[in-house]
Amino acid sequence: MTLSPAAAAYPAFLASHFPPVSLAEPELLPGREPDELAWQSRWFAGDFGRDFLTVAGEAVSVIDFGWWNHGAGPDFRDCVITLSGETRRGSIELDRDARDWDHHGHSTNPAYRDTILHLQLGVRSGSEWFTRTDEHRLVPQVRLDLATPAGDFNTPPPAPARPGRCLQVFRQLGPGKTITILEAAARYRLERKATRLQRTAAIHGRDQMLFQALADALGYSRNRLPLTVLSQRLPLRLLTTRPDDAEALLFGVSGFLTGEAFDHADTETRLWLRRLWDQWWRYRDAYAPGQPRLPLKWNLTGTRPLNHPQRRIATLHLLVKHWPTLRRLLQPDHFSEKALLTFAAGLHHPYWDRHYTLRALPAPKPMALLGRNRLTEILANVCYPLLIPEREDLWPVYQKLSAPLDNEKTRRAALRLFAGHPDLAKLTSKLWQQQALLQVYEDFCLADDSNCAQCPMPEQAQSP
Ligand code: SF4
């Protein structure tokens, strides 16, 4: 990852005290176990890169990541790799541990016969364990580096919400030096997001990368994984080539087109569901939600009705419907926040404009499908990370974005670093400052288990 000089100040700031592991996403640190769907999603997005060494020391490059198989058989089909310079085609399987290959019966299952690569999640089995097909062909193994920076589907456990040791230091430093530190952290976070987006674009193309990144932002914060996986199971190309069926496919694959949805529906909802069902039944056998080995799990606990995943899926469908316009708006030459706001304000749906969920009664007034908070998420996590590396003039525009009000993690970080600070608003009211706080919080507060005593931040902040 090549950083700009503005961003490079931050890892240099960290590196003198923390070994590289502290720069990894905290949820990937040992002991944290995102579920299997999250690991597969990250692999397919290219988070681990494409060049590896097998456990036997051979160079392997993934030329084509193939397609993600959600049914029986290997996880990824029709992949292409080069192994020590030789091209191979076949399937790729991802397991937590090398021994899972045998435990899951793959070694005797002909469906796994064409496997060309066996990925493992960096878990050592103790003794060596060989991966063999039912024809006794040896399958090369790659152990993925879990410290590879990636997204954060799994929220790390919060550090205690209490003022930290650096509090006094930041007060003494004053806003000037503190803002310099925050700027480097924010820039570093933004460029790391950009690298991740570019990596996905290199594998799946710019449009699919955008589609996945927008789905991820729409899923924030409780349904990021299922919405991202939905955009991977139903790639943009499939949806844009079936414009009349795209909405039914999205709701059907999500698992929301069930008989139960009909049972509780009012007349308007039944009419809307009937139209989707008329299209969905043709795809149901191939995409039925009970079919995937790892079905999507929606988190509805504590979700505000306005943020219900059904509304987010409806918004995703509208983005697909208006893709040519949105795609153009997100080109470096055409992007402007104002144009994106106008686009968002023009997104309407005859049913979802007035419904919170499939079960709710119609709301008295229309509700925005892509409101200000969701747009801020898209600007912060998709537009500016993608565009600032090509348009430096957008950095000051990004810095003007106000911070969202309801972010628990940034509130916690602000309390630890700046509680009672006389310039609190000056240091935390902008979105870029909250992004910087999150980076510091993840790299320092979540990595600290000494109750601040051994955290290097206070000393580093005072260094010239
Ligand atoms: S862990 Fe470090 S950065 Fe976090 S509050 Fe304590 S001293 Fe500050």
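The values are calculated or read from the model by the stated rules, or taken from the named source; none is laboratory data. Keep in mind that this is a model prediction, so the values were computed, not measured. Don't worry about glycine lacking a Cβ; one is built from the backbone with ideal geometry, like all the others, and counts go over all protein chains shown. Keep in mind that these areas ignore ligands, DNA and RNA; they rest on the heavy atoms of the full protein, side chains included. Shrake-Rupley method; radii C 1.70, N 1.55, O 1.52, S 1.80 Å.
A few notes on this one:
- Apart from one condition, Pro309 fits all of (1) surrounded by 15 or more Cβ atoms within 10 Å (Cβ to Cβ); (2) touching an Asp or Glu at 6+ places or on another chain (Cβ under 8 Å); the exception is (2).
- Every residue from region 437-460 that is buried (at least 19 other Cβ atoms within 10 Å of the Cβ), closer than 12 Å to Ile181 by Cα and more than 8 Å from the ligand (Cβ to nearest atom): Leu437, Gln439
- Checked against (1) over 30 Å from Ala453 (Cα atoms); (2) open to solvent by 30 Å² or more (accessible area, probe 1.4 Å), Leu316 passes all but condition (2).
- Within region 376-390, the set of residues being in a helix (DSSP H, G or I) and among the charged types (D, E, K, R) comprises just one member, Glu377.
- Pairs are defined by a Cβ separation below 8 Å, a sequence spacing of at least 6 or placement on different chains, a first member in region 438-458 that is in contact (Cβ under 8 Å) with a residue 12 or more places away in the chain and within 11 Å of Ala185 (Cβ to Cβ), and a second member that is part of a loop (DSSP other than H, G, I, E, B) and more than 8 Å from the ligand (Cβ to nearest atom); the pairs so defined are Glu442/Glu25; Glu442/Pro156; Asp443/Phe18.
- Within region 239-287, helices (runs of 4 or more DSSP H) holding 1 or more residues that are open to solvent by less than 30 Å² (accessible area, probe 1.4 Å): 246-254, 259-263, 267-280
- Test: residue in region 402-416 that is in the same structural domain as Gly371 (by TED's automatic domain parsing), within 16 Å of the ligand (Cβ to nearest atom), touching a residue at least 60 places away in the same chain (Cβ under 8 Å) and open to solvent by less than 20 Å² (accessible area, probe 1.4 Å): yes
- Test for Tyr351: is it assigned to a loop (DSSP other than H, G, I, E, B), aromatic (Phe, Trp, Tyr), open to solvent by 20 Å² or more (accessible area, probe 1.4 Å) and assigned by TED's automatic domain parsing to the domain that holds Pro458: no
- Some residue of region 222-232 being surrounded by 13 or more Cβ atoms within 10 Å (Cβ to Cβ) and not in a helix (DSSP H, G or I): yes
Rundown of residues vs (1) among the hydrophobic types (A, V, I, L, M, F, W, C); (2) modelled with pLDDT under 90; (3) more than 30 Å from the chain's Cα centre (by Cα), yes/no style:
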| residue | (1), (2), (3) |
| --- | --- |
| Ala98 | yes, yes, no |
| His118 | no, no, no |
| Leu121 | yes, yes, no |
| Trp129 | yes, yes, yes |
| Thr133 | no, no, yes |
| Pro140 | no, no, no |
| Ala147 | yes, yes, no |
| Ala150 | yes, yes, no |
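- Residue selection: Val169 satisfies the criterion of being open to solvent by 10 Å² or more (accessible area, probe 1.4 Å), in the same structural domain as Asp393 (by TED's automatic domain parsing) and part of a helix (DSSP H, G or I).
- Residue check, Leu427 open to solvent by less than 10 Å² (accessible area, probe 1.4 Å), assigned to a helix (DSSP H, G or I), more than 10 Å from the ligand (Cβ to nearest atom) and in contact (Cβ under 8 Å) with a residue 40 or more places away in the chain: yes
- Those residues of region 392-408 which are assigned to a helix (DSSP H, G or I) and under 19 Å from Leu379 (Cα atoms), in sequence order: Leu394, Trp395, Pro396, Val397, Tyr398, Gln399
A quick yes/no check of all residues on (1) closer than 17 Å to Ala184 by Cα; (2) within 16 Å of the ligand (Cβ to nearest atom); (3) out of contact with any Pro (no Cβ under 6 Å at 6 or more places or on another chain):
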residue: Leu358; (1), (2), (3): no, no, yes
residue: Leu379; (1), (2), (3): no, no, yes
residue: Tyr398; (1), (2), (3): yes, no, yes
residue: Phe418; (1), (2), (3): no, yes, yes
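- The single residue among Leu375, Leu358, Leu437, Leu370 that is assigned by TED's automatic domain parsing to the domain that holds Phe251 and at pLDDT below 90 turns out to be Leu358.
- Close contacts from region 191-204, counting a first residue that is open to solvent by 40 Å² or more (accessible area, probe 1.4 Å) and a second that is modelled with pLDDT of 95 or more, with Cβ to Cβ under 7 Å and a gap of 6+ residues or different chains, come to Lys193/Pro385.
- Condition check for Ala413: of a type in the set (Gly, Ala, Ser) and more than 22 Å from Ala213 (Cα to Cα): yes
- In region 52-70, the residue that is nearest to Ala286 (Cα to Cα) out of those that are among the aliphatic types (A, V, I, L, M) and open to solvent by 70 Å² or more (accessible area, probe 1.4 Å) is Ile63.
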